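Participant: Could you have a look at this structure, given as structure tokens, before my questions?
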Ligand SMILES: C[S@@+](CC[C@H](N)C(=O)[O-])C[C@H]1O[C@@H](n2cnc3c(N)ncnc32)[C@H](O)[C@@H]1O
């Protein structure tokens, strides 16, 4: 992850806390458990997990491939008492080699859509779980995340951002550098989990009313900028996306725009 362009600001929005908190509640953790936060990023979910299992016997393991994000997470979480929080560098594809002692729960929040080898990752997660362990994930990058009533806003946002990028910076995205990420549907996620030895325990869709500030702050996140404006320098991309979001909100007279999050809790079958 590039210097400074982390998810930290976006992750501090109340709606973001709410979708992650809901997933933790659906999972039903108990005090003293060992839980793993996969793709922990800057630690927003790690903190929620720590609050939930919070006694000295408990352990929260934050696994993350980006050293920049982990540095922010360490800074945010360094003075927590109670449960031990441990940071492990690495990706989901190697999870069982990174964490050898099985855990009671794995969380993979706002990140599963970034993974190419989903089957391999699910096998790695299964290997890392106790026999009665749970796997919980949420994502707002699946087919169905943008409700029909938000489509006009997304189109307008991108149009306006591209205009700013061109007029202010003389730039255009380089589509040949776009990472091909397949967005699964809710049903495809269910089939994928079942085919890889998981049983769905809970599944729900939460609709979040995102304010302009949410769109401005996601515009400062490197993975989002690289996804929608491939090949564009991050600072120019962030500025164009923020300006585009402001213009789209104003032109369409919006106070909020809705976005869906898919929440799933599964157990080993
Ligand atoms: C949008 S952030 C979410 C961070 C945190 N889980 C949250 O919900 O706030 C996605 C995170 O997934 C991480 N990530 C990307 N690819 C990954 C992989 N293959 N394995 C584990 N984490 C990955 C990124 O580095 C990033 O920190």
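Any read-out appearing in this document is the output of simple, stated calculations on the displayed coordinates, not a laboratory observation. No experiment lies behind these values; they were computed from the predicted model shown.
Participant: Helix 234-252 versus the longest principal axis of the chain: what angle, 0 to 90°, nearest 10, using Cα atoms?
Facilitator: Helix 234-252 and the main axis of the chain meet at about 70 degrees.
Participant: Also, I was wondering about something else. For helix 151-169, report the angle its Cα long axis makes with the longest principal axis of the Cα atoms of the chain; keep it between 0 and 90° and round to the nearest 10°.
Facilitator: The angle comes out at about 60 degrees.
Participant: Using Cα springs under 10 Å in a Gaussian network model of the chain, which residue among 54, 43, 227 shows the largest mean-square fluctuation?
Facilitator: Result: 227 has the largest fluctuation of those listed.
Participant: Same structure, new question: Report the relative contact order of the chain, percent, no decimals, based on alpha-carbon pairs under 8 angstrom and at least 6 residues apart.
Facilitator: 22 percent
Participant: Using only alpha-carbon positions, what ratio does the radius of gyration of the chain give when scaled by 2.2 N^0.38 Å?
Facilitator: 1.01
Participant: Just 153, 107, 137 to compare: in a GNM of the chain, with alpha carbon springs under 10 Å, which one fluctuates most?
Facilitator: 153
Participant: Can you give me the angle between helix 67-77 and the longest principal axis of the chain, using Cα atoms only, in degrees from 0 to 90, rounded to the nearest 10?
Facilitator: The answer is roughly 70 degrees.
Participant: Sort out for me the Cα centre separation of the range 191-227 from the range 34-104, rounded to whole Å.
Facilitator: After rounding, the separation between the Cα centres reads 20 Å.
Participant: Among DSSP beta bridges whose residues both lie in the chain, state the antiparallel percentage, nearest 5.
Facilitator: Restricted to the chain, the bridges split so that about 45 percent are antiparallel.
Participant: Here's a follow-up. Mind checking which of 118, 168, 126 has the largest fluctuation in a GNM of the chain, springs on alpha carbons under 10 Å?
Facilitator: Maximum fluctuation in the GNM of the chain, among the listed residues, is at 168.
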